[in-house]
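Every number here is computed from the coordinates shown, using simple stated rules; none is lab data. The shown structure was predicted, so the numbers you read here are calculated from the model rather than taken from an experiment. In this analysis, Cβ positions are derived from the backbone assuming ideal geometry, glycine residues included, and neighbour counts consider all displayed protein chains.
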Amino acid sequence: MSNLQVEPKLYFENVSYKLNHLIYTDFESTENEAQITITDSYEILNIAKKELILNVKRYISTTPSKLFELNIEVILNLPLNQKEKKFDGSIADLKSYVSRNVLSIINNSNAMETISLLASQITSAYARVPVITPPVFISEDEKK
């Protein structure tokens, strides 16, 4: 038998998220066309044996002319399964796993889909064509 170490996996139950921060700024502009810029970021607020809490942010702006800016923040609460699929590693293993896989965790949570929908609803509510953004976290590597 080899000493092959199996990568731990996280299983979440009852995932929830709540709107933490929302700012929409509409600028007076005679321009009707602009390039959309999307910046996604996250902050790990807590990693514990029972839950993972993330703050996920999407900032949308326009260039070269400023038509609007939209900043959305969602707190993502991911309770870890405590029964049949319980994480059995140490807290250090858990932190290491989360730091390596955080984008996958965010994208599989459905939070980015909700943020994308919210952005389109807000932009369409102010007499603009709705801005439809990708329903996934856009990392800096993917922008290149």
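Between the labelled values [x] 8.7; [y] 10.8; [z] 12.4, the entry that holds mean projected area of the Cα convex hull in nm² as derived from this structure is [y].
Taking R0 as 35 Å, what's the FRET efficiency between ASN46 and VAL129 from their Cβ-Cβ distance, rounded to 0.05? Write down the numbers at each step before the final one.
Values: r = 39 Å, r/R0 = 1.10.
With R0 = 35 Å, the Cβ-Cβ based efficiency is 0.35.
Rounded to the nearest 20, the Cβ-based charge dipole of region 16-143 about its Cα centre (Lys and Arg +1, Asp and Glu -1) stands at 620 debye.
Helix-derived [θ] at 222 nm for the chain: sum -39500 (n - 2.57) over DSSP H runs of at least 4, divide by residue count, nearest 500? Provide the component values of the computation, followed by the final result.
Values: 3 runs with 36 residues, N = 144.
Value at 222 nm, helices only: -8000 deg cm²/dmol.
In this simple spin-label approximation, ILE38 and LYS85 carry label points 7 Å from Cα along the Cα→Cβ vector, and these lie 2.7 nm apart. Since only ILE132, SER104, ALA34 are under comparison, the one whose Cα sits farthest along the positive direction of the charge dipole of the chain, derived from C-beta charges on Lys, Arg, Asp and Glu, is SER104.
Here the gap between THR25 and LYS95, fully extended at 0.36 nm per residue and compared with their Cα-Cα distance, gives a gain of 21.5 nm.
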